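Colleague: The structure under discussion is supplied below as structure tokens; questions concerning it will follow.
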Amino acid sequence: MFGIDHRNRLWSGLGFAFCLLLINFRSLSKLSAEEFNYDESKVPPYTLPELLKCEDGTLVDSIDVWNTKRRPEILRMFEEHVFGTLPAGKIPLRTKIRSSVPDALEGRALRREVTVYFSDDDHGPQMDLLIYTPAGATEPVPAFMGYNFDGNHMLEKDPRIHLTESWVLNRKELGIEDHKARDASRSGSASRWSVPEIVGRGYGLVTIYYGDVDPDFDDGFQNGIHALFGKGDSPRAANAGGSISAWAWGLSRALDVLESDSTINAKKVAVFGHSRLGKTSLWTGATDQRFAMVIANESGCGGAALDKRIFGETVSRINTAFPHWFCINHRKYNNNEAEMPVDNHMLIALSAPRPVYVASAEEDRWADPYGEYLSLYHAGPAFRLFGRQVFESDQMPAVNSPVQADVAYHIRTGAHDVTEYDWEQYLKFADTHLR
Ligand code: GCU
């Protein structure tokens, strides 16, 4: 038993520790990107979990053992420790064509907007697909599918594209200060999408505003599609899916819709995403094997980069700045990456044997370009099981020298962004694997 004195001391000790924790938590989220490790010589020694060794020690030596044992184990670990899961079960979808323009982009594309409702309520959770296909296409085309950051109207000036009514991130440079999309920002992200080149090369593009599916702020999972799964989950389960799981779920629902669309070949859809949405495309490829190809542009921490390298963004920083992206269990690995039972070479391997493209940018050190390459390299053995051709060297290629086999990688000059250069490489990769 503690005497009064000891108890007081214990409480004040605990209080002090709590304050320290709070200060640490607050200050961590305020640390600027400059204050993290960018020095290769300071990357701590780390050991990656073995990709081809099952939990019971069985070595994976066949496609069958991979498919029936190791792959499900890895998927479960990512569900339990990283992204979390959403309740399974089919949600009935309803769709409505919002618009159809046969001669968009100066006659080059058929452009449609399709609203997908996730419930019987027209005002309930829903998302708008913006779909481009080559004008005059006579058969279903392969396509790229990916979320955009600020709304479908950001792809083009055309005022006929619906201005999203969903919550958007404030952006002073676009005059957005009340989380509402503005007409003035139309076409603001056009440079990230290369739509004329995509349709010109015979592909479709399906894009969706990610905030339709789950607005990107921590609201205790009340909004977006989380509402569909019941608000009564309190306290939230430690393995309940966060926003990245919700976004991945939305892409799968979009693919459901495309399965009955006559213009797009749903068996040849590449899931694409940049940054947080690149983390999402990797998780989508892992959870939904219908996607034929996976592209992660500068996806960084929690995406393609190896978390155990502690280079650039860290697990602790990402969970502090974006507490809603991952599941609660992921926080166990704050400043504790060495204990993670997985790393992101395993996330990439979940897409094997489908073609995977990982891309980095030279100035985007926050996303750890070398860690992104290494992840793809260490995912190699899973692809090799299927006879796929992967990279032999753990040294990344030179800047602006893409390498493409059954997986692909490039690091280009420039900053964190999606550029025409990136799309040129993705189109070339798709020409090889989706045609
Ligand atoms: C932040 C975050 C990254 C993320 C990026 C983005 O920089 O720390 O993890 O990839 O935002 O999505 O733009």
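Every number here is computed from the coordinates shown, using simple stated rules; none is lab data. Source: prediction; values computed, not measured. Here the Cβ positions follow ideal geometry from the backbone for every residue, glycine too, while neighbour counts run over all protein chains shown.
Colleague: Just 316, 189, 234 to compare: in a GNM of the chain, with alpha carbon springs under 10 Å, which one fluctuates most?
Modeller: Sorting by GNM fluctuation, first place goes to 234.
Colleague: Would you give the gap between the C-alpha center of region 45-78 and the C-alpha center of region 397-422, rounded to a whole Å?
Modeller: So the two Cα centres are separated by 29 Å.
Colleague: Next question, about the same structure. In region 266-385, what % of DSSP beta bridges are antiparallel (nearest 5)?
Modeller: Expressed as a percentage, antiparallel bridges in region 266-385 total about 0.
Colleague: Helix 369-385 versus the longest principal axis of the chain: what angle, 0 to 90°, nearest 10, using Cα atoms?
Modeller: Tilt of helix 369-385: around 80 degrees.
Colleague: Hey, which lysines would be in cross-link range of residue 428, C-alpha to C-alpha under 17 Å, not counting anything within fewer than 8 residues on its own chain?
Modeller: 268
Colleague: Between residue 58 and residue 328, what FRET efficiency follows from the Cβ-Cβ distance if R0 is 30 Å, with the result rounded to 0.05?
Modeller: 0.45
Colleague: Next question. Output the 0 to 90 degree angle, nearest 10, between the alpha-carbon long axis of helix 420-433 and the longest principal axis computed from the alpha carbons of the chain.
Modeller: 80 degrees
Colleague: If one takes the longest principal axis of the Cα atoms in the chain, at what angle in degrees, from 0 to 90 and to the nearest 10, does the Cα axis of helix 243-258 lie?
Modeller: That helix lies at roughly 20 degrees to the long axis.
Colleague: Here's something else I'd like to know. With a ≥ b ≥ c the root eigenvalues of the C-alpha gyration tensor of region 94-268, is it rounded (a/c under 1.5), prolate (a/b larger than b/c) or oblate? Don't skip to the answer; put the middle values down first.
Modeller: Details: a/c = 2.12, a/b = 1.41, b/c = 1.51.
Taking the square roots of the gyration eigenvalues as a ≥ b ≥ c, region 94-268 is oblate.
Colleague: Now for a separate question. For region 94-268, what proportion of DSSP beta bridges, expressed in % and rounded to the nearest 5, is antiparallel?
Modeller: Numbers: 22 of 29 bridges.
Among the beta bridges of region 94-268, antiparallel pairing accounts for roughly 75 percent.
Colleague: Bins of 20 Å, beginning at zero and ending with the bin holding the largest distance: percent of Cα pairs per bin for the chain, please.
Modeller: Result, from short to long distances: 25, 57, 15, 2, 0 percent.
Colleague: A follow-up question, please. By DSSP, what percent of the beta bridges with both residues in the chain are antiparallel, rounded to the nearest 5?
Modeller: Antiparallel bridges: around 50 percent, rounded to the nearest 5.
Colleague: Which distance in Å, rounded to a whole number, links the C-alpha centroids of region 314-384 and region 142-194?
Modeller: After rounding, the separation between the Cα centres reads 28 Å.
Colleague: Starting from the Cα of residue 395, step 7 Å along the direction of its Cβ; do the same at residue 335; then give the gap between the two resulting points in nm.
Modeller: 3.8 nm
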